[in-house]
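Take a look at the structure set out below.
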Amino acid sequence: MSTFVYMTSCDGCGHCVDICPSDIMHIDPTTRRAYNIEPNFCWECYSCVKACPQNAIDVRGYADFAPMGHSVRVLREEEKGTVSWKIKFRDGREKNFVSPIRTTPWGSIKGPAEYEDPNTQDFATQQLAHEPDALKIDSLPTISRSQFVEGPL
Ligand code: SF4
Ligand code: SF4
């Protein structure tokens, strides 16, 4: 479900531009309002939806669950620490979900600069940066060759 912007609500602050991992939220140079330049490349991460202080970004539902007449609205309430989703179906049914903005205390996650610099041997391992410490496990799970099934099941 890609996103789109209600231009009358957007004030052009640029938070969605900064947070979008796909770099597809841009500010229109003429209107000074944000828009999604390429919905097909949307990761559907909804970071922009949750970051928008004006609640100006909405979600285009897929036709299978939200055909014409639906709406998917999200509300970020920082003082309550919650993100609420309101799904309205075409037949009038409504579903509401509330979840915490985050499950760990603010400021408790280390930034990349707070970790030791990587060294060149790290390129030879299967682990990603900060694994396994950042996952709070001793080591990543492994699978041995004998556990793979050979031939048709
Ligand atoms: Fe970018 Fe994610 Fe928003 Fe899509 S949902 S526009 S990928 S921030
Ligand atoms: Fe507009 Fe919201 Fe993006 Fe700010 S975060 S530029 S208000 S859509």
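Could you tell me whether any residue of the range 38-47 is within 16 Å of Ser84 (Cβ to Cβ), aromatic (Phe, Trp, Tyr), outside any strand (DSSP E or B) and more than 9 Å from ligand 2 (Cβ to nearest atom)?
Taking every residue of the range 38-47 in turn, at least one turns out to be within 16 Å of Ser84 (Cβ to Cβ), aromatic (Phe, Trp, Tyr), outside any strand (DSSP E or B) and more than 9 Å from ligand 2 (Cβ to nearest atom).
Counting only residues that are out of contact with any Gly (no Cβ under 6 Å at 6 or more places or on another chain), over 24 Å from Arg90 (Cβ atoms) and away from ligand 1 (no atom under 11 Å from the Cβ), which one in the range 28-69 is least open to solvent (accessible area, probe 1.4 Å)?
If we take residues in the range 28-69 being out of contact with any Gly (no Cβ under 6 Å at 6 or more places or on another chain), over 24 Å from Arg90 (Cβ atoms) and away from ligand 1 (no atom under 11 Å from the Cβ), then Asp28 is least open to solvent (accessible area, probe 1.4 Å).
Mind listing whichever residues of the range 130-148 are closer than 24 Å to Lys50 by Cβ and modelled with pLDDT under 85?
Matches in the range 130-148: His130, Ala134.
Taking the criterion of being assigned to a strand (DSSP E or B) and either on the phi > 0 side of the Ramachandran plot or open to solvent by 80 Å² or more (accessible area, probe 1.4 Å) (or both), would at least one residue in the range 98-110 satisfy it?
Yes, that holds for at least one residue.
Restricting to the range 1-27, and then to whatever is assigned to a strand (DSSP E or B) and over 19 Å from Trp85 (Cβ atoms), can you tell me which residue is farthest from ligand 1 (Cβ to nearest atom)?
Filtering first and then ranking leaves Ile27.
The values are calculated or read from the model by the stated rules, or taken from the named source; none is laboratory data. Being a predicted model, the structure only gives us computed values, none of them experimental. Quick reminder, even Gly has a Cβ in these numbers, built from the backbone with ideal geometry, and neighbours come from all protein chains shown. All accessible areas refer to the heavy atoms of the entire protein, side chains included, with ligands and DNA or RNA removed. Shrake-Rupley method; radii C 1.70, N 1.55, O 1.52, S 1.80 Å.
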